[in-house]
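Okay, so here's the structure we're looking at.
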Amino acid sequence: MTTVHITGSMLLQLVVSGLLAGGLYALVALGLSLIFGVMRVINVAHGTLLMLGAYTTYWLFTLTGLNPFVSLVVSMPVLFVVGVVLQRLFVHRVVEAPELSSLLLTFGISIFIANVAMLAWSADYRSVEFLTGSFLLGPIALSKPRLVSFVVALGLTGLAFLFLHRTKTGKAIRATSQHRDVAQVCGINVRRIDLITFGLGAGLAGAGGSLVSVMFAVYPEMGQVYVFKSFLVIVLGGAGNYPGAFFGGLLLGLVEGLASLFLTAQLSEVIAYVLLVIVLLVRPTGLLGGRT
Amino acid sequence: MTARAGVLAFLLVAVAGLAVVPLFASGYHVTFIIQVFMWMALAGSWNLISGFTGYVSFGHVAFFGVGAYTGALLITKAGWHWLPAGVAGAAPAAALALVIGYPCLRLKGPYFAIAMLGLNEVVRALVSYFEGFTGGGSGLSLPPILSIAPVYYAMGGTAAAVTLLTYRIITSQFGLRLLSIREDEVAAEVMGINTARLKLYAFLLSAAFPGIVGGFYAWYASHVEPLSVFPLLTTITMIIMCLFGGKGTVFGPVLGAGLLSVFQELVWARFLFVHQAIFGALIVGVVLLIPRGILGVLQQRYQLPRSI
Amino acid sequence: MRTAFRSVTGLVTALVILAGSWTPALAQEWTVGASISLTGTYAKPGKYTQEGYLLCEKDINDKGGLLGRKIRFVVYDDKSDPPTAIKLYEKLITEDKVDLVMGPYSSPVTNAASTVSEKYKKLMMASLAATTSIWERGFKYLFMTISPAEVYLEGLVDLAVERGLKTVAVINEDTLFSKAAAKGTIELAKKKGMQVVFHEAYPKGTTDFSALLIKIKSLNPDVIAAGSYFDDAVATTRQMKELDVNPKMYGVTVGGDLPEFYKLLGKTAEYVYGSSQWEKGLPYPGIKEFVTNYEKMWNREPVYHSAAAYGACQVYAEAIKRAGSLDSDKLRAELLKIKMKTIFGDYQVDERGFQVAHKMVLHQWQDAKKVTVWPAAVSEGKPLYPTPPWQRR
């Protein structure tokens, strides 16, 4: 067996692929981070919401031929509503409870939805064959679906930041995540903010799902891997630190890519975890700082 | 005192009844009860750290998996008898708990849960990676077991040991201190309780038993592989069983494991395609409707002693 | 709190009532037990397996059954999970008291399930387990139907050697079957003088193969051989296109033969080689009727999983007829002796119960059709060679 010599162009290719993946992680994790920041709820069902977004895009594409990127205007509102309903019915009851309740509750919701999806749509793998292939830039292959998804993910992340910083509701969300009680005293209706936040988080997960669907297979359990990745991202970036989630996402993409280049796919997961524990222990507020 | 005697008598009858089951029951019923014992021991172990201190071990199956691999390796590579090999599963599980618990038990709230979830993923990845030793993704095959009755007693003994230990802890000062950590850790520290050390002790105990259960499981299942001994769902199942019965109680995990195993078996046999969805709904129901668990509710309603 | 208490008592009552009705069904015919992966990772091939079994049940019953009785399959879902299969086979054997057992789908599940049948000395006709190590455990009552994993890509290596290709990169999912397939491919390639320039395993559930494919791309091998199941085969193929990885030949073990492979990938699947245990155009006895009946019953074409399940059932039925009994030891004696051709091809096992006669085929996707290209004796067409680079398709 010849050994793989890692060349500059391979490194560059991996950095590019890693960043492209990271942009998506950032978008998905931002949703989780918002929910966690405002309510201290770890939403284990985040990946399942992502799956629902992916199926929305898949069905719109398959049945009506709608451009998957355009379908975001459907999947995000749909998931926003799903999020609001989940919050209203279930999650609001565990906002003040110990973390065990919210972990288990959202896990229960997650396997419930995933299995209903399995019953409704079967466990078959499906794919949205919309954009395939790549642009070749010298030795670097830029995957078309990943590049477009990356750009869209960046755009959506940017819009989310604008929303958080420029609108009254966005400011209220940030205030609530900084100090819930003070926000309430200042006249912010935190129940309403919780509702909007969960909807928004779910909407972002749904957007992530729509974007994932053009790259990878769509199936009921597709979201699982994104849950743990999102945890990693918000720990790296700092919980409740929203720009942190963005840089955390890119960082995770890079680390994963490089680890699987220098080591193997299996060990890249280990590296990511070691990073997680070190960050938790050394800088529990995340690399960029955040709330404990 | 009579109530106490009554409980004791009931327990004795129950244990005696279970002890004679393998003599007449079918293989299926025996394997079913083995699994109930397994869940009792696992839920009871989780209870020791999370039920008492409130630190949520969201990757507890890692200790089970490590025990399973230890048992399988000792049996296949070192030629050990399965009984000592299974018991030996406790050592590496506790060692792992020491290595990971020492730093991570300082983490507060959800961060400990996330770290534990990650731990499980990592142990699984490492087991797959060192394939010369562990067989990698193909796992390790053990000789088929010809008689399951011994496993029945071993698993039952482990479940009983966990329950007995929980009783000893709950009636000891150690147990009270652990509960004080759950209620208010800062206050506990102010009162001079060395919370770091106590949490670590509880964590070691709660990791050692899943190690033993895993060791027996390896022998019972005749095959271990990363995907079958490290599933997240196993952690969730032990948590929900403990919660359903009543966390922080002695018999909560026993009751929860028993009832939910029967429930799962029946639902699973009857509603092929929806059993997972029902399990999901059940989790939501338990968390929202009876977060204290059956025994918790009964304790509050009838002012039962804490040590049930 | 009152509601909480009521829901607890309600649930407990429901459990007690359910437990009371917990009794096994009585059998009026020969029952054949099997667990199948109807949900989980192996749900798709599992379903095909089940369809094969059920068609066999119907055909045997239409011809008057076995030893004067009809047969009936009792099938449970093992969720693609080996420990679940263990419990299910315990249930089938000790609780439902089935007369015969047949194998589940996939090597890992068969590996686990067979420990139960062996313990109870029930003869298991394993229809869809291809991993050699399963038959190296010294089991007496376990018989194999399909060709072992190790020879899945023999055709790919053969064709490559014929064309003077020198280097091969091998990747595989880190699970029992895929690992064995990769190992076998590596050994075959080395034996035939090819150089294995790369080998790496990826964990089950991997969706992003970028790093793996980039490493392979830097080595520019003539051939890429993938020990895959379905989903990873689809993903690697797509990502090879995205990363512009251009081997002269690219073959996958499982997945490449399913119609869904082309349905999902479309034109991207062109030129891909897939190995198969069976194709519907092969010259085996009874194969035409099988295909017609299958399409009538299930409204879709059979794939090799369906045929293997059916073929295994045929062999089992033959053994029962010859033995005139369902006794495991008598059946075992017959199964060790039988040499026959079913709709699935040749059956003959060695003293371990290990399949030695059945032959694999290799096909290539050409214009949305699977064309058998190897072995020469049964091939339907010539392989399109070399595979053109992605940019020129």
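Bear in mind these aren't lab numbers, they're just calculated from the coordinates by the rules spelled out. Source: prediction; values computed, not measured. As a convention, Cβ positions derive from the backbone with ideal geometry for all residues, glycine included, and neighbour counts pool all protein chains shown.
The relative contact order of chain C, computed from alpha carbon pairs under 8 Å that lie at least 6 residues apart in sequence, is 16 percent. For the range C:330-381, the set of GluC sites (Glu not before Pro) satisfying both a DSSP loop assignment and a count of at most 16 other C-beta atoms within 10 Å is given as C:E351, C:E380.
Less than 5 angstrom separates the built amide H of C:V252 from those of C:A226, C:Y273, C:G274, C:S275, all sequence-distant by 5 or more or on a different chain.
In whole angstrom, how far apart do the alpha carbon centroids of the range A:165-241 and the range B:225-241 sit? When both Cα centres are located, 28 Å separates them. Just add up the charged neighbours of B:T171: K/R +1, D/E -1, any other residue whose Cβ is under 14 Å from the Cβ of B:T171. Its environment carries a net charge of +4. Computed from phi, the 3J(HN,Hα) profile of the range B:12-22 under the Karplus parametrisation 6.51, -1.76, 1.60 (θ = phi - 60°) reads 4, 4, 4, 5, 4, x, 5, 5, 9, 3, x Hz, with x in place of Gly and Pro.
Annotation for the range A:57-129: GluC sites (Glu not before Pro) lying in DSSP loop with at most 14 further Cβ atoms inside 10 Å of their Cβ are A:E96.
The C-alpha atoms of the range A:172-238 occupy a region whose extents along the principal axes are 47, 24, 16 Å, arranged from largest to smallest.
From the alpha carbon centroid of the range C:24-98 to that of the range C:190-256 is 36 Å. Its alpha carbons give chain C an Rg and a Dmax of 22.5, 80 Å.
Both radii are taken from the alpha-carbon atoms of the range B:25-230; with Rh as the Kirkwood radius, Rg/Rh is 1.00.
Across the alpha-carbon set of the range B:151-265, the Rg to Rh ratio works out to 1.02, Rh being the Kirkwood radius. Among B:I239, B:I100, B:I212, which one shows the biggest mean-square fluctuation in a GNM of chain B, springs joining Cα atoms closer than 10 Å? Answer for the Gaussian network model of chain B: B:I100.
Peptide A:75-84 shows a mean partner chain C-beta count of 0 within 10 Å per residue C-beta. The charge dipole of the protein assembly as shown, taken about its Cα centre with unit charges on the Cβ of Lys, Arg, Asp and Glu (plus for the first two, minus for the last two), comes to roughly 1500 debye. Near the amide H of B:H223, within less than 5 Å, lie the amide hydrogens of B:L142, all on another chain or at least 5 residues away, with H placed in the peptide plane.
In the protein assembly as shown, the calculated helix contribution to ellipticity at 222 nm averages -19500 deg cm²/dmol per residue, counting -39,500 (n - 2.57) for every DSSP H run with n ≥ 4. Using only side-chain charges placed at the Cβ, +1 for Lys and Arg and -1 for Asp and Glu, the dipole size of the range B:127-203 relative to its Cα centre rounds to 220 debye. Report the Stokes-Einstein translational diffusion coefficient (µm² s⁻¹, integer) for the range A:159-292, Rh taken as the Kirkwood radius over Cα pairs, at 37 °C with viscosity 0.692 mPa s. Rounded to a whole number, D works out at 199 µm²/s.
Using equal-weight Cα scatterers in the Debye expression, the normalised intensity of the protein assembly as shown in log10 at q = 0.04, 0.08 Å⁻¹ is -0.19, -0.80. Taking θ as phi - 60° and the Karplus parameters 6.51, -1.76 and 1.60, the scalar couplings of the range C:365-381 work out to 7, 10, 6, 6, 10, 7, 10, 5, 10, 7, x, 3, 4, 10, 6, 9, x Hz in sequence order, x denoting glycine and proline. Taken about its Cα centre, chain B carries a charge dipole of about 580 debye when Lys and Arg each add +1 at the Cβ and Asp and Glu each add -1 at the Cβ.
Sorted ascending by nearby beta carbons within 10 Å, beginning with the fewest, B:H275, B:H29, B:H223 become B:H29, B:H275, B:H223.
For the range A:10-71 and the range B:186-221, compute the distance between their C-alpha centroids and round to whole Å. The two parts, judged by their Cα centres, are 37 Å apart. Residues considered: A:I42, A:I193, A:I140. Largest GNM mean-square fluctuation over chain A, using C-alpha springs under 10 Å, is found at A:I140. Annotation for the range C:300-336: trypsin sites (Lys or Arg not before Pro) lying in DSSP loop with at most 13 further Cβ atoms inside 10 Å of their Cβ are C:R300. Students often forget the sequence filter, so: which lysines lie under 21 Å Cα-Cα from C:K241 once same-chain residues fewer than 8 apart are removed? Filter leaves A:K144, C:K215, C:K217, C:K263, C:K267, C:K369, C:K370.
In order along the range A:98-106, the Karplus-derived 3J(HN,Hα) couplings, from 6.51 cos²θ - 1.76 cosθ + 1.60 at θ = phi - 60°, round to x, 4, 4, 4, 6, 4, 5, 4, 5 Hz, and Gly and Pro are given as x. Gyration tensor over the Cα atoms of chain A: the corresponding equivalent ellipsoid has semi-axes (square roots of 5 times the eigenvalues, largest first) of 30, 24, 18 Å. In the protein assembly as shown, taking the dipole from charged Cβ atoms about the Cα centre, the farthest positive-side position among C:T387, C:V373, B:H81 is held by B:H81. Summarising the amide proton neighbourhood of C:D346: residues at separation of 5 or more, or on other chains, whose placed amide H is nearer than 5 Å comprise C:K359. Comparing B:A160, B:A41, B:A14 in a Gaussian network model of chain B, where Cα atoms under 10 Å apart are tied by springs, the biggest mean-square fluctuation is seen for B:A14.
Which residue, chosen from C:A180, C:Y141, C:T110, occupies the Cα position most advanced towards the positive end of the dipole of the range C:60-188, where the dipole is computed from +1 (Lys, Arg) and -1 (Asp, Glu) charges on Cβ about the Cα centre? Of the listed residues, the answer is C:Y141.
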